[in-house]
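Enquirer: Pasting a structure below so you can have a look.
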Amino acid sequence: MTSEGQGRDCATCGEASCFGAFVTRTLNHSEVIYQPGELVCRAGMPALGFHVLVEGLAGIRRADPAGRSSLVALARHGEVLGTPPLEKPALQLSNVVALTRCTVCFLERDTALGILGREPLLARALWARESRRVADREQALAMAHGLAARARVAQLLLELRDEFATVRDDGSMRLELPLSRRDMGELLGMRPETVARAIRALESSDVATFTGRTVVIRDLDALFDEVELVG
Ligand SMILES: [Zn+2]
């Protein structure tokens, strides 16, 4: 259980293969705090080093061929934000925006590559995580086509609960959403009206109630059922 609205961070995540945890423990890095909505990486700008998210939740936004930007993925603690500059010069491929207050460690390219060269386990875990993120996104989109809107919203709530939910005395769970309705729609590939309809459906089935960004989940099993029944 975490304190309200705050995700796990790399100072406490205790993951041996977390690049962020390694960076916060041992390195001379610069650290920048971003407020919600602030841009961490801008598409098209040179990628000069590694931005490592050590606390908070960030979103990756990509423009479609029509130039409309939408949220395509979430990034959590320990992840490298934006494009790691393996080649030189490299350009940022996406916008990365802070969704909650984010602490980001910045490492110069040579420093980061030096560490990854000396720490093969860390490097392997990092690349596995990066490639899994792409695969997860593809898998999520593929699955989304087969899932009803309410199941997709339920699934997102389940994904966010580890980091953003607190358990209340009566056993219900209170989740502070780090995403706006619009962000949710973009992430799930759904129109805002569809998100609103899915939310109403979950409410009328007594699975969860939504008040602004606060979601109260009365029964976690019912939420799991939403995903499993349809999926
Ligand atoms: Zn971590």
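Nothing in this text is a laboratory measurement; each read-out follows from the coordinates by a stated rule. Nothing here was measured: the structure is a model prediction, and the numbers come from that model. Cβ coordinates were reconstructed from backbone atoms using ideal geometry, including for glycine residues, and neighbour counts include every protein chain displayed.
Enquirer: Tally up the residues in segment 77-98 that are within 16 Å of the ligand (Cβ to nearest atom) and either surrounded by fewer than 20 Cβ atoms within 10 Å (Cβ to Cβ) or at negative phi (or both), please.
Expert: Looking only at that region, the number is 4.
Enquirer: Which numbered condition in (1) assigned to a strand (DSSP E or B); (2) away from the ligand (no atom under 16 Å from the Cβ); (3) touching a Leu at 6+ places or on another chain (Cβ under 8 Å) is the only one that LEU74 fails?
Expert: All conditions pass for LEU74, except number (2).
Enquirer: Within segment 173-231, can you find the residues that are part of a strand (DSSP E or B) and among the polar types (S, T, N, Q)?
Expert: THR209, THR211, THR214
Enquirer: Could you tell me which numbered condition LEU71 fails, if it satisfies all but one of (1) farther than 24 Å from PHE22 by Cα; (2) surrounded by fewer than 18 Cβ atoms within 10 Å (Cβ to Cβ); (3) not β-branched (Val, Ile, Thr)?
Expert: Of the numbered conditions (1) farther than 24 Å from PHE22 by Cα; (2) surrounded by fewer than 18 Cβ atoms within 10 Å (Cβ to Cβ); (3) not β-branched (Val, Ile, Thr), the odd one out for LEU71 is (2).
Enquirer: So VAL32 clears everything in (1) assigned to a loop (DSSP other than H, G, I, E, B); (2) away from the ligand (no atom under 16 Å from the Cβ) except one condition, right? Which one?
Expert: For VAL32, the failing item is (1).
Enquirer: Considering every residue within segment 4-23, establish whether at least one is of a type in the set (Lys, Arg), within 16 Å of the ligand (Cβ to nearest atom) and either part of a loop (DSSP other than H, G, I, E, B) or under 29 Å from VAL167 (Cα atoms) (or both).
Expert: So far as segment 4-23 goes, yes, one or more of its residues are of a type in the set (Lys, Arg), within 16 Å of the ligand (Cβ to nearest atom) and either part of a loop (DSSP other than H, G, I, E, B) or under 29 Å from VAL167 (Cα atoms) (or both).
Enquirer: How many of the residues in segment 90-120 are part of a loop (DSSP other than H, G, I, E, B), among the hydrophobic types (A, V, I, L, M, F, W, C) and touching a helix residue (DSSP H, G or I) at 6+ places or on another chain (Cβ under 9 Å)?
Expert: Looking only at that region, the number is 2.
Enquirer: Continuing with the same structure: Taking the condition away from the ligand (no atom under 16 Å from the Cβ) and in a loop (DSSP other than H, G, I, E, B), does GLY44 pass?
Expert: Yes, satisfied.
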